Amino acid sequence: MTYSEYLFPNDMHIYWSLMIVTYPFITGLIAGAFMASALFHVFGLQELKPISRFALLVSLAFMLCATLPLLFHLGHPERALNVVVTPHWHSAMAGFGFIYSFYLVVLTMEIWLSYWEEIVTYGRTSASGMKKTFWRAIALGAGETSDDIKQANKKAIYILGLIGIPSACTLHGYVGFIFGSLKSNPWWSTPLMPQVFLLSAIVSGLALLIVMYVALSSKGYLTWSTKCLKTLCFYLWLAMLFYMISEGLEILFFYYESSDAWFVISTLLFTKLWVSFVVVQIGIGVVVPFTLLSIMLFMKEDQGLYTTMAVIAAATALFEVWMMRWNIVIGGQQFSKSYVGFRSYHPEWLDQEGILTTMGLSLLPFFLLYVLTRILPMREAAEATEEEKPLQSGEPAEQ
Amino acid sequence: MRTPKHLKRALWIIALLFVAGNAVRLLAVPESFGQFGEFRGAHLSEERERDPVHRGSEVCGECHDERLEEKNNGAHGPIPCENCHFQPYAGDETHPEAHPEISQSPDRSQRACLTCHQYFPARPQAFPQLANFPEHIATNGPKLKKDDVGAHTLCVHCHNPHDPKIDLGQNG
């Protein structure tokens, strides 16, 4: 592949750094985890009960960190709120603050109601007066758990789930929308972009839940159920299928249209992105998990091999989604508008937007999740009594 | 079915947050925002009232007329004096009041010249650029019969910044 090097002056530098790779990865996990819980709360998939509340906590933990990559990226983070104070309605970015706040309210409400019984119980039974007051304040001074109330809560959760699905989609889809609408960049500018982002978000959310579910239930923190794993794996397979179709269509269209864009995109794919996109993202990230998941469709779920395959498939799928963010965000900046000049991106370790910051920001949600699960139990309250072995019920023993 | 107490209270709190949030938001909008468009209108007059820091080569030429002429006739003709003489005024009393706040002392470092002359793929190819400046210095030293040069020799050791072109035909 030969090409001459000519970069425009404003194309010399890669501005959208690792932080902009991390940001859609995190929002994707938010949306994906929420979808998984909605499968139970809204679509009534009983198999997913063991993770339905935990998935909400995962969503919240990542939600609380979602803005951080952007703040690290901004040259003037102190001006971040200007986008809410004086939004420009012609800009998709202006919507972020509103979508974010709206979804945060919906998510918090849904978690609050899912844990209603625990909250009320803690308000009554907590040992110290401080804790009692805390839990009563969380319960907003109310303390009823009659069947009527449970019914009303269930309905409210259903409605919140219904509202939550489109808002989670918007929260993540608008990132894809922003990339898709950048008409100056052929690698981004396609209406398929929001859809590709969204489907990959669901893939990543389900994949993360599978890994965490297997890990946490093997330690007894979540109720183990092979049905639950099987259902998660099936939906991961389905999401990957649709994701592959969209992503495949996108490339196919570029190739078939063979417009001026294909000239630069093909060069990009065979040079700068050959390893990270073709070999790693597609070769490892798509082929491995999809093959495994397809085989698993025909396997019995109650064997160790199934679980092992599920974990491998989920981990590689999660990795795939990260690579996909990388290849879109960084890949799209690796060629100049001249279409004949290319550049490289070398993130630094200690940079404000560097590798260490990225690792810190990616670990922070897990720490928050740990804190959240210290406050609210991971398991279903009902299960602890119903199911075989109430290993360690949801009591907040450590508090 | 009646709406339970806690749900009602939660909805009230959300409504309250919504109203309070919007009130704060509206209060935070700067006064002249939207006067001319999606920005703070007063910003324009504020910027207009600022004293210009740079004044252009002609101002310098009022006193340094020879220097101006020398520069204008050389390869650096189009470059304003202040592009190189940019350091903040250090309170040097000897320099006349004509430009108390502008800089005089130039940056003599290699970097000062290399900001423009370092090879850069984004520059027009015809622009004089150095891909490897230590080599440039090493090879040109002997041509000028200067043997005391090394990688750290200043560009101004050989080049007159105000008339940088060196015609080797004359020097030998």
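Mind telling me which of the residues A:85, A:21 ends up being over 21 Å from residue A:380 (Cβ atoms), within 14 Å of chain B (Cβ to nearest Cβ) and more than 12 Å from the chain's Cα centre (by Cα)? Talk me through it step by step, then tell me what you get.
On the way: A:21 fails: within 14 Å of chain B (Cβ to nearest Cβ).
Only one candidate passes the filter, namely A:85.
Suppose we filter A:145, A:170, A:121 for residues that are farther than 30 Å from residue A:16 by Cα, among the polar types (S, T, N, Q) and in a helix (DSSP H, G or I); which single one remains?
Numbers: A:145 fails: in a helix (DSSP H, G or I); A:170 fails: farther than 30 Å from residue A:16 by Cα.
Going through A:145, A:170, A:121 in turn, the sole match is A:121.
Collect the residues in segment B:119-142 that are hydrophobic (A, V, I, L, M, F, W, C) and in contact (Cβ under 8 Å) with a residue 12 or more places away in the chain, keeping them in residue-number order. Working first, answer last.
Filtering segment B:119-142 down to residues hydrophobic (A, V, I, L, M, F, W, C) leaves B:120, B:122, B:126-127, B:130-131, B:133, B:137-138.
Selection gives B:130, B:131, B:133, B:137, B:138.
Please count how many residues of segment A:143-185 are touching an Asp or Glu at 6+ places or on another chain (Cβ under 8 Å), more than 14 Å from chain B (Cβ to nearest Cβ) and modelled with pLDDT under 90.
Of the residues in segment A:143-185, the ones touching an Asp or Glu at 6+ places or on another chain (Cβ under 8 Å) are A:145, A:150, A:157, A:160-161, A:164.
Cutting the leftovers down to more than 14 Å from chain B (Cβ to nearest Cβ) gives us A:161, A:164.
Restricting the remaining residues to those that are modelled with pLDDT under 90 gives none.
Of the residues in that region, 0 qualify.
Regarding residue A:25, is this residue in contact with a helix residue (DSSP H, G or I) (Cβ under 6 Å, 6 or more places away or on another chain), under 21 Å from residue A:166 (Cα atoms), modelled with pLDDT of 95 or more and open to solvent by 10 Å² or more (accessible area, probe 1.4 Å)?
Values: in contact with a helix residue (DSSP H, G or I) (Cβ under 6 Å, 6 or more places away or on another chain): yes; under 21 Å from residue A:166 (Cα atoms): yes; modelled with pLDDT of 95 or more: yes; open to solvent by 10 Å² or more (accessible area, probe 1.4 Å): yes.
So residue A:25 fits the description; yes.
Can you tell which of B:31, B:58, B:47, B:70 is over 30 Å from the mean Cα position of the chain (by Cα), more than 9 Å from chain A (Cβ to nearest Cβ) and either over 23 Å from residue A:91 (Cα atoms) or open to solvent by 50 Å² or more (accessible area, probe 1.4 Å) (or both)? Write out each step before concluding.
Values: B:58 fails: over 30 Å from the mean Cα position of the chain (by Cα); B:47 fails: over 30 Å from the mean Cα position of the chain (by Cα); B:70 fails: over 30 Å from the mean Cα position of the chain (by Cα).
The conditions single out B:31.
Of the conditions (1) modelled with pLDDT under 95; (2) surrounded by 13 or more Cβ atoms within 10 Å (Cβ to Cβ), residue A:382 fails just one. Which one is it?
(2)
How many residues, within segment B:1-24, are open to solvent by less than 50 Å² (accessible area, probe 1.4 Å) and facing chain A (nearest Cβ under 7 Å)?
4
Assess whether residue A:223 counts as being at pLDDT below 95 and over 15 Å from the mean Cα position of the chain (by Cα). I'd like the intermediate steps shown before the answer.
Details: at pLDDT below 95: yes; over 15 Å from the mean Cα position of the chain (by Cα): yes.
Spelling it out, residue A:223 is indeed at pLDDT below 95 and over 15 Å from the mean Cα position of the chain (by Cα).
In segment A:107-130, is there at least one residue being open to solvent by 60 Å² or more (accessible area, probe 1.4 Å), within 11 Å of chain B (Cβ to nearest Cβ) and not small (Gly, Ala, Ser)?
yes
Only residues that are more than 19 Å from the chain's Cα centre (by Cα) and touching a residue at least 60 places away in the same chain (Cβ under 8 Å): list them for segment A:193-220, please.
A:217, A:220
Among the residues in segment A:317-331, are any among the acidic types (Asp, Glu) and not in a helix (DSSP H, G or I)?
Pass one, segment A:317-331, residues among the acidic types (Asp, Glu): A:320.
If we keep only those that are not in a helix (DSSP H, G or I) as well, we get none.
Checked segment A:317-331: no residue is among the acidic types (Asp, Glu) and not in a helix (DSSP H, G or I).
The values are calculated or read from the model by the stated rules, or taken from the named source; none is laboratory data. What you are looking at is a predicted structure, and each value in this text was computed from that prediction instead of being measured. Here Cβ is always computed from backbone atoms with ideal geometry, including for glycine, and neighbour counts include all displayed protein chains. Note: areas computed on protein heavy atoms with side chains; ligands, DNA, RNA excluded. Shrake-Rupley method; radii C 1.70, N 1.55, O 1.52, S 1.80 Å.
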